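Student: Dropping a structure here in structure tokens format, bear with me for questions.
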Amino acid sequence: MKIAVYGKYIANDFFPYFQLICERFEHYGADVVLYKELYDNVIRDHNYVFNHNNVFSEYSDLENNVDFLLSIGGDGTFLESVSFVRKSSVPVIGINSGRLGFLANISKENVAESIDAIFSNNFTLEKRSLIELENPEGILKEFPFALNEFAVQKIGTGMISIEVTIDRKHLNTYWADGLIISTPTGSTGYSMSVGGPIVSPGSKNFILSPIAPHNLTVRPLVIPDLHELTVEVSARRGKYWVSMDYKSEIFDKQFQLKIRKADFFIQVLKLQGMDYFETLRSKLMWGADKRGY
């Protein structure tokens, strides 16, 4: 089995677990290839000696050449790892080395048993939809896809105007600080932080969540993801952000952007016994009494 490992650095408190991951891979005779930045940083920061020097830096280094991609970090790291698998259908495994993770949902305390389960085929694969951005300006053209969300938002103090159509039919002109269009996967990310609903994976929806809308009757909206959305932005002060997951650019002119569901999925590895709603309860501390008496 060939496994790619993506991450940027390993914090001191997580390093023993990283060593354990490497030891379990060696135990199973896995062929491991590490992201070059991670490889260099672990050698520098922890004086760790790898028994190989297999590294990758670009998507083309991995294309159709690995069985799994292991992401070590948080949800942001997981989102970055998507650009290394793209349409290859290589499953992504998320190990959480931080605090809160919906995508990177394997805790450091469970890394050994989780890797054992992977090599014992005790897992299932979930398909997660993506957003595709089409535009004449070549925005984020290197990988114009997002697993979590597309967002446009103001720069500075002035509101922006965001005109949205659904299948060429006018929906609304949002006067707001911005607008988030998310997948069900992204509903627990930026969208949730501005009051958007939580939507379970596989629901086949887009969630439109305005950021601080001027008109308070404008609410988050859930629509089927079979629709194509057109977004046209104008800003009084001339500049605004366009972002897709961790990627962003600044623009200073008005033009149309088309949003649709991508024609491929990202496969996320789910260990047996893991449950989406259990993850929600745990991460959001539903039902927990923190009053301390």
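The values are calculated or read from the model by the stated rules, or taken from the named source; none is laboratory data. Please read all numbers here as calculations on a predicted model, not as lab measurements. Every residue, glycine as well, gets a Cβ built from its backbone with ideal geometry; the counts of neighbours run over all protein chains shown.
Student: Among the strands (runs of 3 or more DSSP E) contained in the range 1-80, which hold 2 or more residues that are in contact (Cβ under 8 Å) with a residue 60 or more places away in the chain?
Tutor: Of the strands (runs of 3 or more DSSP E) lying wholly inside the range 1-80, those with at least 2 residues that are in contact (Cβ under 8 Å) with a residue 60 or more places away in the chain span 2-6, 68-73.
Student: Restricting the search to the range 144-196, which residues are under 17 Å from the mean Cα position of the chain (by Cα), closer than 14 Å to Val242 by Cβ and surrounded by fewer than 20 Cβ atoms within 10 Å (Cβ to Cβ)?
Tutor: Pro144
Student: Moving to a separate point now. Among the residues of the range 31-45, which ones are under 17 Å from Leu69 (Cα atoms), out of contact with any His (no Cβ under 8 Å at 6 or more places or on another chain) and crowded, with 18+ Cβ neighbours inside 10 Å?
Tutor: The answer is Val33, Leu34, Tyr35, Leu38, Tyr39.
Student: May I ask you to list the residues in the range 191-222 that are touching a residue at least 12 places away in the same chain (Cβ under 8 Å) and not in a loop (DSSP other than H, G, I, E, B)?
Tutor: Ser191, Asn205, Phe206, Ile207, Leu208, Ser209, Pro210, Ile211, Leu221, Val222
Student: Follow-up. Answer yes or no as to whether Thr173 is in the same structural domain as Leu140 (by TED's automatic domain parsing), of a type in the set (Val, Ile, Thr), outside any strand (DSSP E or B) and farther than 26 Å from Ile266 by Cβ.
Tutor: no
Student: So, one more: Look at Phe150 and say whether it is aromatic (Phe, Trp, Tyr) and part of a loop (DSSP other than H, G, I, E, B).
Tutor: Considered against the rule, which asks whether it is aromatic (Phe, Trp, Tyr) and part of a loop (DSSP other than H, G, I, E, B), Phe150 comes out as no.
Student: When you scan the range 226-242, do you find a residue that is among the hydroxyl-bearing types (Ser, Thr, Tyr), on the phi < 0 side of the Ramachandran plot, outside the structural domain of Phe84 (by TED's automatic domain parsing) and outside any strand (DSSP E or B), even just one?
Tutor: no
Student: A further question follows. Please list, ordered by first then second residue, the pairs with beta carbon atoms under 9 Å, 6 or more apart or interchain, first in the range 228-251 and basic (Lys, Arg), second loosely packed, with under 15 Cβ neighbours inside 10 Å and at pLDDT below 90.
Tutor: Arg236/Gly158; Arg237/Gly156; Arg237/Thr157; Arg237/Gly158; Lys239/Gly156; Lys239/Ile250; Lys239/Asp252; Lys247/Glu142
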